[in-house]
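To keep things clear, I will list the structure first and then write my remarks on it.
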Amino acid sequence: MRTLILLLFASLFFSQSAQEPPELAEATEMIKSVGKLFKENKFDEALPLAKRALEIRERLLPRNDPRVANSLSFLGDVYMAKREYDNARKTFERLLQLQEELVGPTDVRITPTLDRLGLLYYEDSKPAKAEEFYQRSLTLREKAFGPEDVQVANSLYALGQFYRVRRDYDKALNSYRRSLMIYGRAGGVSTAEFQRASTGLSCLGYQSENTIAVSKELERIQQQFAPGVPPTLPVKILNGYAINLAKPEYPRAARERQLSGTVVVQVEIDEQGKVISAKDMCQGPPYLSESSVKAALQSRFEPTKLSGVPVKTKGVLRYNFVNQGTIWRMNPTLP
């Protein structure tokens, strides 16, 4: 998540004067601390430091100094981590304006900020604006690097995620497919990027309830780059196998935002049928995701046996949140 604006604008940096106020050195140390706290998920501690560093730099440096952009980037990321989306959006809008003044609106170095604004406008229930930013980022990367570059695939993957959450499944499929082809040609099926996009495509199958067709598409793509390698099978949907399927709460924060959608939770079940681990596999809606993981951990299953011996097993639970409550479809067999 951390984007180093210092690296993006390395060519614009100039040497600090020995006469610079000592407060600027203090701001630099604050930013280092923010980065460390961010990695440790200590966002509440990082926020006042990020604000203070920005205040110092804006007061003592020219408006277009790249160090101001650097501080805006750190502050925006902390706001995002704290889910203060409105503050994050305003911060990244300021950052984008500054970046466009520094390098122009068509420079590829502004694309990380465009990606963040795409996500934040979606969180602000403005999907048309979000799509505009994602598409702009894709266009800039295609122009700068060519249509087969991994950076382009990264934008396509982000678009696939966006369209999947929007339930625009045809556009999501096309975006994932193209990103996988680029990743496959660049590094094969074992790269982290290919695996990440494969998971996204699998999630599309779970959420669209079209697991068979999506699995065949993923297998077709994999075979182009790894012929003869056994295909990745979809993880079994376990809702219908539960002897006690806990119902997730519909949190107040989700109700206030009128959130809905599908959460796919990957679970591991021990020999006694107890869920011992659970994680959101497909980046479901905030608040609903946490509630679903909590419910999954409270669910119980009949023990899975292999040759009569109980064994651990893995699968997914699919929760469909609708309006102000939750429902889930029972899937006794893998589609």
**OP:** Evaluate the following for ASP107: is it modelled with pLDDT of 95 or more, of a type in the set (Asp, Glu) and surrounded by fewer than 20 Cβ atoms within 10 Å (Cβ to Cβ)?
**Re:** yes
Original post:
Taking TYR122 and the conditions (1) assigned to a loop (DSSP other than H, G, I, E, B); (2) modelled with pLDDT under 95; (3) of a type outside the set (Gly, Ala, Ser), which numbered condition does it fall short on, given that it satisfies the others?
Top reply: (1)
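This table checks each residue for (1) farther than 25 Å from SER137 by Cβ; (2) in a helix (DSSP H, G or I); (3) at pLDDT 95 or above.
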position: SER33; (1), (2), (3): yes, yes, yes
position: PRO48; (1), (2), (3): yes, yes, yes
position: ALA53; (1), (2), (3): yes, yes, yes
position: GLU58; (1), (2), (3): yes, yes, yes
position: SER73; (1), (2), (3): no, yes, yes
position: ASP77; (1), (2), (3): no, yes, yes
position: ARG83; (1), (2), (3): no, no, no
position: ASP86; (1), (2), (3): no, yes, no
position: THR91; (1), (2), (3): no, yes, yes
**OP:** For residues that are surrounded by 23 or more Cβ atoms within 10 Å (Cβ to Cβ) and either in contact with a strand residue (DSSP E or B) (Cβ under 8 Å, 6 or more places away or on another chain) or of a type outside the set (Ser, Thr, Tyr) (or both), tally how many sit in region 69-96.
**Re:** 11
**OP:** Identify the residue in region 296-312 that is of a type in the set (Ser, Thr, Tyr) and over 7 Å from VAL275 (Cα atoms) and, among all such residues, is surrounded by the fewest Cβ atoms within 10 Å (Cβ to Cβ).
**Re:** SER307
**OP:** Considering every residue within region 162-184, establish whether at least one is outside the structural domain of VAL322 (by TED's automatic domain parsing), aromatic (Phe, Trp, Tyr) and in contact with a Pro (Cβ under 9 Å, 6 or more places away or on another chain).
**Re:** yes
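From the list SER202, SER179, which one is among the small types (Gly, Ala, Ser), within 17 Å of LYS314 (Cα to Cα), in contact (Cβ under 8 Å) with a residue 24 or more places away in the chain and surrounded by 14 or more Cβ atoms within 10 Å (Cβ to Cβ)?
On the way: SER179 fails: within 17 Å of LYS314 (Cα to Cα).
One residue alone meets the criteria, SER202.
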Subject >> Residues within region 131-153 that are surrounded by 21 or more Cβ atoms within 10 Å (Cβ to Cβ) and either among the β-branched types (Val, Ile, Thr) or modelled with pLDDT under 95 (or both), tallied >> reply: 1
Subject >> Unmet requirement for GLN99, which otherwise passes all of (1) buried (at least 21 other Cβ atoms within 10 Å of the Cβ); (2) under 27 Å from GLN195 (Cα atoms) >> reply: (2)
**OP:** Kindly indicate the residue of region 154-169 that is within 13 Å of GLY200 (Cβ to Cβ) and touching a residue at least 40 places away in the same chain (Cβ under 8 Å) and also surrounded by the fewest Cβ atoms within 10 Å (Cβ to Cβ) among those meeting that condition.
**Re:** TYR169
**OP:** Kindly provide the set of residues from region 275-317 that are part of a strand (DSSP E or B) and small (Gly, Ala, Ser), ordered by number.
**Re:** SER277, ALA278, GLY315
**OP:** Considering every residue within region 45-61, establish whether at least one is over 27 Å from PRO286 (Cβ atoms), touching a residue at least 60 places away in the same chain (Cβ under 8 Å) and not assigned by TED's automatic domain parsing to the domain that holds GLY184.
**Re:** no
Original post:
Would a scan of region 198-215 turn up a residue that is among the aromatic types (Phe, Trp, Tyr), under 24 Å from ASN320 (Cα atoms) and out of contact with any Phe, Trp or Tyr (no Cβ under 9 Å at 6 or more places or on another chain)?
Top reply: yes
Original post:
Are any of the residues in region 253-265 buried (at least 16 other Cβ atoms within 10 Å of the Cβ), more than 27 Å from VAL214 (Cβ to Cβ) and over 22 Å from the mean Cα position of the chain (by Cα)?
Top reply: no
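The values are calculated or read from the model by the stated rules, or taken from the named source; none is laboratory data. Everything numeric in this text was worked out from a predicted model, so none of it was measured. Note: ideal-geometry Cβ built from the backbone for every residue, glycine included; neighbour counts use all protein chains shown.
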